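The structure under discussion appears below in the form of structure tokens.
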Amino acid sequence: MSVYQITALAVVIAFYGAYISKNLSLKINGVSANRLVRGNKPKKTFIIELVLSIATLGVALAQAVSMLGWIPSFNDIGWLIIAGLLISALGTAVFITAMLTMRLNWRAGVDSEQSTELVIQGIYKYSRNPAFLGFDLFYIGLAAAFPNVLHIAVTLFCIIMFHFQILEEERFLEERFRDQYRAYMKVTKRYLGMNKQI
């Protein structure tokens, strides 16, 4: 394996390891964090979550075969590979920070049967959806470092599905937290940045 492949593998292990660890940690605390295609939700949300679940498995497979070189990469320029790996590592850091900030309120998917608090501090001051932003950066970075038609296609599809999931979750949060969430939407952008001073 090349140094690029080893580095990518370390980033992938950190990302997916953090996701699995967080879910296990919450399960120990009696919280079922993975609510994708589970619980009480509208049919449209269920379908989006189902497609997103399949897409994320597909992207993980595409990442693996691309990193291992089983599908040839378009990119053999060292600095472009390094840039992609740095973007992916940044996405991992953003994702982990978002999960840690959410503490016991972390969930994947919409479920009206579970009660959570609205988290708007820490990294959530700068993005309403930092975990999704982390996912996007992680996926984009790996696709840039090890690009091929399959990897790019499933990455783009997954990012589009994440956006649809964000819209569903934001709709749910606005219904759940009403004025508090609407006020939050006015000061913090969906992906990154602030509309005005908090």
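The values are calculated or read from the model by the stated rules, or taken from the named source; none is laboratory data. All figures in this text were calculated on a predicted structure; none of them were measured in a lab. With ideal geometry, Cβ positions are generated from the backbone for all residues, glycine too; neighbour counts draw on all protein chains shown.
In table form, for the structure just shown:
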read-out: Selection status of LEU133, modelled with pLDDT under 95, buried (at least 18 other Cβ atoms within 10 Å of the Cβ), of a type in the set (A, V, I, L, M, F, W, C) and part of a helix (DSSP H, G or I); value: no
read-out: In segment 43-80, the residues that are in a helix (DSSP H, G or I), over 19 Å from PHE157 (Cβ atoms) and among the small types (Gly, Ala, Ser); value: GLY78
read-out: Selection within segment 101-123 - closer than 26 Å to ASN40 by Cα, assigned to a helix (DSSP H, G or I) and not basic (Lys, Arg); value: THR101, MET102, LEU104, ASN105
read-out: First in segment 45-69 and in contact (Cβ under 8 Å) with a residue 40 or more places away in the chain, second anywhere and among the basic types (Lys, Arg) and not in a helix (DSSP H, G or I), Cβ under 9 Å, 6 or more apart; value: GLU49/ARG35; GLU49/ARG38; GLU49/LYS41
read-out: Number of positions in segment 146-160 that are within 20 Å of LEU86 (Cβ to Cβ), assigned to a helix (DSSP H, G or I), out of contact with any Phe, Trp or Tyr (no Cβ under 7 Å at 6 or more places or on another chain) and touching a residue at least 60 places away in the same chain (Cβ under 8 Å); value: 1
read-out: Residue satisfying all of: in segment 1-46; exposed (fewer than 14 other Cβ atoms within 10 Å of the Cβ), under 22 Å from PHE164 (Cα atoms) and at pLDDT 90 or above; nearest to the chain's Cα centre (by Cα) among these; value: LYS44
